[in-house]
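The values are calculated or read from the model by the stated rules, or taken from the named source; none is laboratory data. As the structure is a computational prediction, the values presented were derived from the model and not from experiment. Please note: Cβ atoms are built from the backbone with ideal geometry, for glycine as well, and neighbour counts cover all protein chains shown. Side chains included, ligands, DNA and RNA excluded: accessible areas come from the protein's heavy atoms. Shrake-Rupley method; radii C 1.70, N 1.55, O 1.52, S 1.80 Å.
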Amino acid sequence: MKIAGATLNQIPLDWKNNTENIIHAIEEAKKQAVKILCLPELCLTGYGCEDLFLTQWVPEKALSLLQQIKEHCSDIIVVVGLPVIVNGITYNGACVIDNKKIVGITLKQNLARDGVHYEPRWFEEWPVGETDSLVFENETIPVGDIIYETNGIKFGFEICEDAWRKHRRPGYKLCKQGVHLILNPSASHFAMQKSLLREQEVVIDGSAKFNCVYLFVNLLGNEAGRMIYDGDIIIGQNGKLLAVNKRLSFQRFNILSCNIDFQNAQNSENVPFTDSKEKNEELVRATALALFDYLRKSKAKGYVLSLSGGADSSICAVLVAEMVKRASTELGWSQFCLALGLDEEKTGRDWRRAVNQILASAYQGTKNSSPETFHAAKSLAESLGAEFHEWKIDEEVNSYSMKMEKAIGRKLSWETDDITLQNIQARTRSPIIWMLANIKRSVLLTTSNRSEGDVGYATMDGDTSGSLAPIAGLSKVFILQWLRWAEKELNHSGLHAVNNLQPTAELRPLERNQTDEADLMPYTVLAEIEKHAIQYRQSPKQVFTIMRTEDNAEQLKIYIKKFYRLWSANQWKRERLAPSFHLDDINVDPRSWCRFPILSSSFEQELTEF
């Protein structure tokens, strides 16, 4: 029997886009003589509908669209994910359509509730082993914990989180019931190297434990703004990986099919796709797709960036350029330009000329800016083809400072007003770069990184200004090594000057030799404290015990206390950061991963215990 998964690039509540992608996938599967086609979790509505799942009309609308979809399901079994209301309660369901007839809807038994997921806010878990029914279009449809059968092959479901609950996996029960095939429609967010876990723990281990064929299929693309879905389709049988698709595609949908011999596992087809899962390459592929989808789905005309010559703004510029290179290569120039509303003739089918249409940048210097950072910014922009502007903001900074000096009746000085004089420079850059974004009708990128988010090392309404923060989920340590890798492996020679600079905000006079690490602590130390304190949720004393060595104890105490105090004091900043992409195992966006009170004791007692 030939089975298949189809990954889809969906948009919350975009009924036209979502149904068209589903129907195109079904038609392609039929051309390939597929018998069972599994589509991703909640693919009909989109996974990221948030509190609209609490409405009655959204599940009802999704159910009504099945009428249109099922007419395309002649001589094929298709699984469509959607929310379902049963007895006034909303569940997360996988609807099985067999030859134009809805034969059942399996409901999710384990809801994702940690990290970036808040499913229990919108759905209820379905009780194990129970079934019920609902009436739709004068037909009674079984719902709940259901097993299906076709041509002597029994199949059932684990829906996304179901497969990650090691002791509550539906697969154990399905195995006892003699199921030959387990389908897993998922909306499993991207994180670097997470696909390795899916392959091993979900598909390979699952198919071995449950003595079955296992098909996993994920959503694709930047669906709703923050989460990225890599479009994994993975097929395994009895502990053996049979097939894996090309991940992180720019296509609206793609299919992976596989001929399965359910009687003889030794004769099963084995066609794995070799796909790089090296973290640096994964990062650029995922972010390029996220930037592409964000641009086309927001209907903006491009991106605008305050390019300082530093690491953070430089990685943002390179990632936009990589988006252009990779999307145009996969889609072809015509389809690429059509998707983003570009003038194909003006691009000349050259990626640098296309970048020039999409990315506008500006170096906003002051008397504290160095020739080195200007050269780094200009040479990078030129190497990428980005539109580049340069202006000074000293006149505006002086105007603000003079007004304040008149108001308070004294001169401002670096000895008494250090933070004030730094912040006014960063904030003065904001209005004019927003002005450029407005003129361009473009998305303003803010360059905040995760390490800065940890400790509030950013000026609110200054360098944090923007409507999208593409690297806010990445640590500074990762960014710095990624830029060195990109210069060498991606041939971005324009990064050479950037990679030879020490990170600095350049907000103090040059003779003060300001550097980020002198203001904070070594970035490697900050990242290690963050890992234990935030990702693994350890107390200050526990972090100290884990990181302590014979010769670092006293300095380590200072760094740990500084981290926790700055973390506590700056939650209000994290609450106001622009939406960011989730790219790693951790991020510090309180709207998607890490919640913390704005007001707290700031670990006052805990910081005295070591």
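For the peptides 94-107, 206-219, what is the packing order when you average, over each peptide's residues, the other Cβ atoms within 10 Å and list the highest mean first?
On the way: 94-107: 21.3, 206-219: 24.6.
Ranked from most to least packed, the peptides come out as 206-219, 94-107.
With every protein chain left in place, what is the accessible area of LYS541 in Å² (1.4 Å probe, nearest 10)?
Solvent-accessible area, nearest 10 Å²: 100 Å².
What does the C-alpha gyration tensor say about the overall shape of the stretch 347-399? Classify as rounded when a/c is under 1.5, otherwise prolate if a/b is larger than b/c, or oblate.
Note, shape of the stretch 347-399 comes out oblate.
Taking the full set of protein chains and a 1.4 angstrom probe, give the accessible area of GLU20 in square angstrom, rounded to the nearest 10.
Taking all protein chains as shown, GLU20 has close to 80 Å².
Students sometimes get this wrong: rank LYS154, LYS346 by accessible area, probe 1.4 Å, all chains present, largest first.
Numbers: LYS154 65, LYS346 130 Å².
Largest to smallest exposure gives the sequence LYS346, LYS154.
Mean 1/r over all different Cα pairs, inverted: what Kirkwood radius does the stretch 311-440 give, in Å?
In the stretch 311-440 this quantity evaluates to 17.1 Å.
Given contacts defined as C-alpha pairs under 8 Å and at least six residues apart, what's the relative contact order of the stretch 502-581, whole-number percent?
19 percent
Compute the Cα gyration tensor for the stretch 473-520, then decide on rounded, prolate or oblate, letting a ≥ b ≥ c be the square roots of its eigenvalues: rounded whenever a/c is under 1.5, prolate when a/b is larger than b/c in the other cases, and oblate in all that remain.
Oblate.
Round to the nearest 10 and give me the degree value, 0 to 90, for the angle of helix 553-569's Cα axis relative to the longest principal axis of the chain.
Approximately 70 degrees, to the nearest ten.
Once you have a ≥ b ≥ c as the square roots of the Cα gyration tensor eigenvalues for the stretch 373-413, tell me rounded if a/c is under 1.5, and otherwise prolate or oblate according to whether a/b is larger than b/c.
Note, shape of the stretch 373-413 comes out prolate.
If I fit a long axis through the Cα atoms of helix 15-31 and take the longest principal axis of the Cα atoms of the chain, what angle between them do I get, 0 to 90°, rounded to 10?
50 degrees
Tell me, what is the percent relative contact order of the stretch 1-136, built from C-alpha pairs under 8 Å that lie six or more residues apart?
Working: 245 pairs, mean separation 26.6, N = 136.
Reported relative contact order: 20 percent.
Which is farthest toward the positive dipole end of the chain among PRO142, ILE69, PRO185, measuring Cα position about the Cα centre, with Cβ charges +1 (Lys, Arg) and -1 (Asp, Glu)?
My answer, from the dipole projection, is ILE69.
Of THR329, THR19, THR131, which has the most accessible area with a 1.4 Å probe, and how do the rest follow in descending order? Present the calculation step by step, with values, prior to reporting the outcome.
Values: THR329 115, THR19 10, THR131 90 Å².
Largest to smallest exposure gives the sequence THR329, THR131, THR19.
Please name whichever of LEU295, SER308, ASN280 sits farthest to the positive end of the charge dipole of the stretch 279-358, dipole taken about the Cα centre and charges placed at Cβ: Lys and Arg +1, Asp and Glu -1.
Working it through, the farthest residue towards the positive pole turns out to be LEU295.
Taking the Cα centre of the stretch 352-438 as origin, work out the dipole magnitude from +1 charges on Lys and Arg Cβ and -1 charges on Asp and Glu Cβ, in debye rounded to 20.
Charge dipole, the stretch 352-438, about its Cα centre: 180 debye, nearest 20.
Nearest 20 debye, what's the magnitude of the dipole of the stretch 79-235 about its Cα centre given +1 on Lys and Arg Cβ and -1 on Asp and Glu Cβ? Walk me through the numbers before you get to the answer.
Working: 16 positive and 20 negative charges, 67 e Å.
Dipole about the Cα centre, nearest 20: 320 debye.
Averaging over all projection directions, find the projected area of the Cα convex hull of the chain and quote it in nm² with one decimal place.
The orientation-averaged projected area of the Cα hull of the chain comes to 30.6 nm².
Might you work out the accessible area of GLU137 for me, using a 1.4 Å probe with all protein chains in place, and round it to the nearest 10 Å²?
110 Å²
Just going by the charge dipole of the stretch 443-590, with Lys and Arg at +1 and Asp and Glu at -1 on Cβ, which of THR459, THR549, ALA505 is farthest out on the positive end?
Going by the charge dipole, the pick is THR549.
With the contact rule set at Cα under 8 Å and sequence spacing of 6 or more, what percent relative contact order holds for the chain?
11 percent
Over the residues of the stretch 1-100, compute the C-alpha Rg and express it relative to 2.2 N^0.38 Å.
Dividing the Cα radius of gyration by 2.2 N^0.38 Å gives 1.03.
Explain nothing, just the number: dipole magnitude of the chain about its Cα centre with +1 on each Lys and Arg Cβ and -1 on each Asp and Glu Cβ, in debye rounded to the nearest 20.
Roughly 320 debye for the chain.
On C-alpha positions alone, give me the angle between the axis of helix 418-440 and the longest principal axis of the chain, in degrees, nearest 10.
For 418-440 against the chain, the angle is about 50 degrees.
Just to make sure I understand: if all protein chains stay in place, what is the order of HIS180, HIS189 by accessible area at 1.4 Å, largest first? Each step should come with its number before you reach the end.
Values: HIS180 65, HIS189 30 Å².
Listed by decreasing accessible area, they come as HIS180, HIS189.
Give me the percent of accessible area attributable to carbon and sulfur for the stretch 413-473, probe 1.4 angstrom.
On the way: 1250 of 2160 Å².
Accessible surface attributable to carbon and sulfur in the stretch 413-473 totals 58 percent.
I want the antiparallel fraction of DSSP beta bridges within the chain, as a percent rounded to 5. Spell out each step's value before the answer.
Numbers: 44 of 77 bridges.
Taking every DSSP beta bridge within the chain, about 55 percent pair in antiparallel fashion.
Percentage of Cα-Cα pair distances in the stretch 367-473 greater than 20 Å, rounded to whole percent?
Details: 2937 of 5671 pairs.
Taking all Cα-Cα pairs of the stretch 367-473, the fraction more than 20 Å apart is 52 percent.
If I histogram all Cα-Cα distances within the stretch 138-251 using bins 10 Å wide from 0, what percent of pairs lands in each bin?
It works out to 14, 44, 29, 12, 1, in whole percents.
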